[in-house]
Amino acid sequence: MDCLTSYFLPATLAFSKSSVSASKLPFFAVARGALPVFGVLRASRTADAPLSVDDWPENRSDKEVKLWGGRFEESVTDAVERFTESISYDKQLYKHDIRGSRAHASMLANQGLMSVAERDSIIEGLDEIERRIESGDFVWRTDREDVHMNIEAALIDMIGEPAKKLHTARSRNDQVLTDFRLWCRDAIDAILDAIRYLQVSMVTLALKNEGLIVPGYTHLQRAQPVLLQHLLLAFVEQLERDAGRLSDCRVRLNLCPLGACALAGTGLPIDRFMTAEALGFTAPLRNSIDAVSDRDFALEFLSANAITAIHLSRLGEEWVLWASEEFGFITPNDSVSTGSSIMPQKKNPDPMELVRGKSARVIGDLVTTLTLCKGLPLAYNRDLQEDKEPVFDSVKTILGMLEVSAEFAQNISFNRERIEKALPAGYLDATTLADYLVKKGIPFRTGHDIVGKSVALCVTKSCCLQDLSLDELRSISPVFEEDVYEFLGAENAINKFCSYGSTGAACVATQIEYWVNKLQINL
């Protein structure tokens, strides 16, 4: 017996058509029957208007000849149809596809490759298709494979022969990349707005907590005192670099592939500069082979998103720790917390835990696309159909992470009393004491040793540095004088910081002023 036919699954786990009545189905039959279900689930997850089972090719009574089907004598099998379709997710490119087609039609008319009347008919038809899509009246068909063929075939159905001229001097290879670059450009703009919103939320939170000192950590061990404002602004700086990377990516992706055709360009007298300008691109891509094979812009975009996700994950980790009983530095509002199904006392900072967790998805989207592009020969390969879902997922996820992080920042309070009680532990002023000795003319390494011995004395006495008497300090080094106590304690230590970018009050005030002005925050 064939190994496939000997493999059975329970009927309760199998999707089967009504014509199948066996209690158990062979593995291959179960798998084939299940494919349409998976397709529907996939569509409903990634699109607003999911395809129904009736739309799958084997259930359609009006399956049509492909627009590319001239040299073929038979149609593809249902399994191939299902496996190769992308309409279940790429239909979200419809606005960009229609926009590119409008520009292309206008260019073709300008170059005498279609009449003005044909151009106007095409543009009117595209406008109507866009209206139908947005009203939910447009029927997406999987036998038309993708967003481009769905729209073009619908246009032919609507206006007839003029629509057949629209694909003049254009391949789906350059068409899809034009759509994709336009989509990514819009997505970057949306992410930049979301980053700015989170930055404003973080600066606003900092403004509400002026003067609050918190322990600063290295190796998750207490290190030095820092102003909370200073710490919050560190995340604002990270976000600014994220915005910079995305802006740089936007510049590099803003080149137009339209007119590169399949890979070699065209012998028709098109004007690629006209379409590039009409679509808001800086210029056409110089090399037509590179134009249809390049996915650097997507990789760079995904990389920028992944770095942003890592920053948000670190913010999430910080706040999850600080919300714990062990720290108790922050209290999230109920509006950004969740409970437990079994433990009635629990109040969990779940949104930031998920921010931390969802960073894995964004990193995975980058790794998926890097692996996808590895080893592909020039120019276009069908593998590249798989570039869109990771990008769509990355954008959706990073926008959600940014939004909920801003919500969390707007709905937490810092527990001043708990934080102030925590400050004496950990000898946070030890480095400031070493600076004191440097100011007394002691070499830093020698001063480091003296302070280390002072800390050791405190450990034996279970006290803080500021609790040591002057005689006890002088027993370690005669350099200590009465003014040493101006350097001891978290508040005194903060007041001694003066270097550019440091946690000193004046330095942090300057940083706050910079961000208030840059982000145009109204005080």
Cβ-derived FRET efficiency at R0 45 Å, Leu220 paired with Ser475, nearest 0.05: 0.85
Which length gain, in nm to one decimal place, applies between Tyr197 and Glu417 when the Cα-Cα distance is subtracted from 0.36 nm times their residue separation? 76.2 nm
Give me the dipole magnitude in Debye, nearest 20, for the chain about the Cα centre, with unit charges on the beta carbon: positive for Lys and Arg, negative for Asp and Glu. 640
Return a whole-number percent for the relative contact order of the chain, with Cα pairs under 8 Å and 6 or more residues apart as the contact set. 13
All other residues with a Cβ under 14 Å from the Cβ of Leu399 taken together, and with Lys, Arg as +1 and Asp, Glu as -1, what is their net charge? -4
A 21 angstrom limit on the alpha carbon distance is what I want to check against. Which of Lys421/Lys461; Lys91/Lys388; Lys95/Lys374; Lys461/Lys496; Lys208/Lys518; Lys347/Lys396 exceed it? Lys95/Lys374; Lys461/Lys496; Lys347/Lys396
Treating only the Cα positions of region 301-382 as identical point scatterers, give the base-10 log of I(q)/I(0) from the Debye formula at each q in 0.20, 0.24, 0.27 Å⁻¹. -0.90, -1.08, -1.20
Regarding region 237-292, what are the three Cα extents along the principal axes, ordered largest first, in Å? 50, 21, 12
The base-10 log of I(q)/I(0) that the Debye equation returns for the chain at q = 0.07, 0.12, 0.13 Å⁻¹, one scatterer per C-alpha, is -0.59, -1.13, -1.24
Need one number for region 422-519: average projected area of the convex hull over its C-alpha atoms, nm². 7.1
Positive-end residue, the chain charge dipole about Cα centroid, Cβ charges, pick of Leu299, Asn411, Leu108: Leu299
Provide the per residue accessible area, probe 1.4 Å, for region 83-169, rounded to a whole number of square angstrom. 37
Rounded to one decimal in nm, the spacing of the 7 Å Cα→Cβ label points at Ser135 and Leu354 is 3.6
Taking 8 Å as the Cα distance limit and 6 or more residues as the minimum spacing, I'd like the relative contact order of region 422-519 as a percentage. 27
What is the extension gain from Gln345 to Asp383, computed as 0.36 nm multiplied by their sequence separation minus the C-alpha to C-alpha distance, in nm to one decimal? 8.6 nm
Given charges of +1 on the Cβ of Lys and Arg and -1 on the Cβ of Asp and Glu, with all other atoms neutral, how large is the dipole of region 422-519 about its Cα centre, in debye to the nearest 20? 340
May I ask you to rank His219, His104 by accessible area, largest first, using a 1.4 Å probe over the protein chains only? His219, His104
Kirkwood hydrodynamic radius for region 358-400: how many Å is it when counted over pairs of different Cα atoms? 10.9
Regarding region 131-284, what whole-number volume in Å³ per residue does the convex hull of its Cα atoms give? 199
Looking at region 360-472 from every direction and averaging, what is the projected area of its Cα convex hull in nm²? 14.6
Let me know the shape class of region 83-169, please: from the alpha-carbon gyration tensor, a ≥ b ≥ c as square roots of the eigenvalues, rounded when a/c is under 1.5, otherwise prolate if a/b is greater than b/c, or oblate. prolate
Rounding to the nearest 20 debye, state how big the charge dipole of region 74-182 is about its Cα centre with +1 on each Lys and Arg Cβ and -1 on each Asp and Glu Cβ. 400
Please report, in cubic angstrom per residue, the volume enclosed by the convex hull of the alpha-carbon atoms of region 277-429. 206
Placing one identical point scatterer on every Cα of region 257-332 and ignoring solvent, what is log10 I(q)/I(0) from the Debye formula at q = 0.14, 0.20, 0.25 Å⁻¹? -0.62, -0.90, -1.07
What FRET efficiency would be calculated for the residue pair Lys374, Glu74, taking the C-beta separation as r and a Förster radius of 35 Å, to the nearest 0.05? 0.55
Choose one of Leu376, Leu399, Ser340: the residue whose Cα lies farthest towards the positive end of the charge dipole of the chain (beta-carbon charges +1 Lys, Arg; -1 Asp, Glu; about the Cα centre). Leu376
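The values are calculated or read from the model by the stated rules, or taken from the named source; none is laboratory data. Note that the structure is predicted; figures quoted are calculated from it, not measured. A quick note on method: Cβ atoms are made from the backbone with ideal geometry, for glycine too, and the neighbour counts reach across all protein chains shown. Each accessible area value is taken on the protein alone, full model and side chains, heavy atoms only, with ligands, DNA and RNA left out. Shrake-Rupley method; radii C 1.70, N 1.55, O 1.52, S 1.80 Å.
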